[in-house]
Structure formats: C-alpha cells, structure tokens
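Colleague: Starting off with a structure, shown below.
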Amino acid sequence: MIRSLFHRSRDRALSISLSATSRNVLRRHLTLLSPQNLHTIEQCVRNLDDNGVPGDLVQCGIDPGGVSAVLISMLSLARHFRGYTTISGSLDQTVNGCGNAVPALGFEIDNQRISFHTADPQSGSLCRNERTVALTHINGGDPKATEFYLKALISLVPPGGFIVINDHNTHDSSRAIIEHFLGSRPEFTLDHSIRSSFVLKNGRPH
C-alpha cells in the first residue's frame, strides 16, 4: 500500500512537469503509458533538440494515439513523424484510431511530414529510403515485433540518438533482445538509471 501511494504521488508530481499535450493525453486516456514513461520520452526529445541531433521521430506499435500526438507536438521544423504497425490489415484501424486522437489534440495527419504505415516483418525493413531516425519509441509486448523494429531502425539512429522501449507484458523477453543487440552494437548503451523504460543511446561521437 505504501509503495502504491508512493507511485501515485510520484506520477502526480511528474504530470505537473509534463507538456500540455502529455497532460491532455493522460486526462483523455489516450495512452497505455504512465506519466513517468511520457516524461522519459519528452526528456529524450529535448536532449535531441538541445544537442542538435538530426533525424525524425518514430512510433512503432501504435497505442491509442496519445504517444504519437506527444511526439508530433514536439516536432522541430526539420523533423518528420512516422508511425508503424506490424499487424496485418490493421493500418486502417490504426489510422482511424490515431486519426481521431491526433486531430482532436490539434494536429493534422498530412501523410507527408506526419504519416502512418504498415511495416512488413518479412521484408526486414520498414520502407525504402528510410530517413535518419533521432528517436524511436517502441511499444513492447510482442518480442518478435520489438526485435524487428530494432533490426530495421538501429542502423538509422545517429550519434546522440535514442531508442526507447516500453514493455507492459514481456519485460524479460525484451531485456533479452536488447542485451543481444547491445552485444553486437557497442556504440549503444542502456541507461540503467531509468527503470520505467528501456532507453538505448547511440554514444558515438558526433
């Protein structure tokens, strides 16, 4: 009970520090993430902007549209947003869901700077001519999808870029996948100070 009270108190404190979009998303129940998860994502994007790290913002595994809206709200002029789902036949459902949530929060899906796509795990890649990706957020829960997204995107993350993974159901499986990738990509490190999310950073010098 004490631990539960601590978490609720911490979440309330974090909510105050979140952007207006994140607070709105939480209030409307448009995400599965906690205030701490959203805080981590926002901090990563601000770090990218402060350090001039180039690249787009990508959401993999679409939730009810809230995380997409948060990332879209933080786009600088040079960045694009792309959302991906690996579930066959779910793009219409994804776009309809985000198409309701994202515009309701004041953002337009123009299919150019802001777009959603179906990813094909069989192809091993997301799409042709994929742009540099400064931040990828992966909604965990499906280890195969998590592994696919990591393989498809990790080479596109520039020095100083982030991959953030939130896993609600298969934490141990995601950790095993992440540790495997870290073994073959020594330029990436896992931030062990953040316990609510897996945060990988490309530590290569700029």
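Every number here is computed from the coordinates shown, using simple stated rules; none is lab data. Please read all numbers here as calculations on a predicted model, not as lab measurements. Positions of Cβ are generated from backbone atoms using ideal geometry, with glycine treated the same way; all protein chains shown enter the neighbour counts.
Colleague: In nm, give the distance between the simple-model label positions of Q112 and L182, each being 7 Å from the Cα along the Cα-to-Cβ direction.
Modeller: About 4.2 nm, to one decimal.
Colleague: Order of F198, F188, F181 from fewest to most other C-beta atoms within 10 Å?
Modeller: Numbers: F198 23, F188 20, F181 16.
Result, fewest neighbours first: F181, F188, F198.
Colleague: What does the extension gain come out to for R27 and N51, with contour length at 0.36 nm per residue minus their alpha carbon separation? Can you show the working numbers first?
Modeller: Details: separation 24, 0.36 × 24 = 8.64 nm, distance 3.11 nm.
Residue separation times 0.36 nm, minus the Cα-Cα distance, leaves 5.5 nm.
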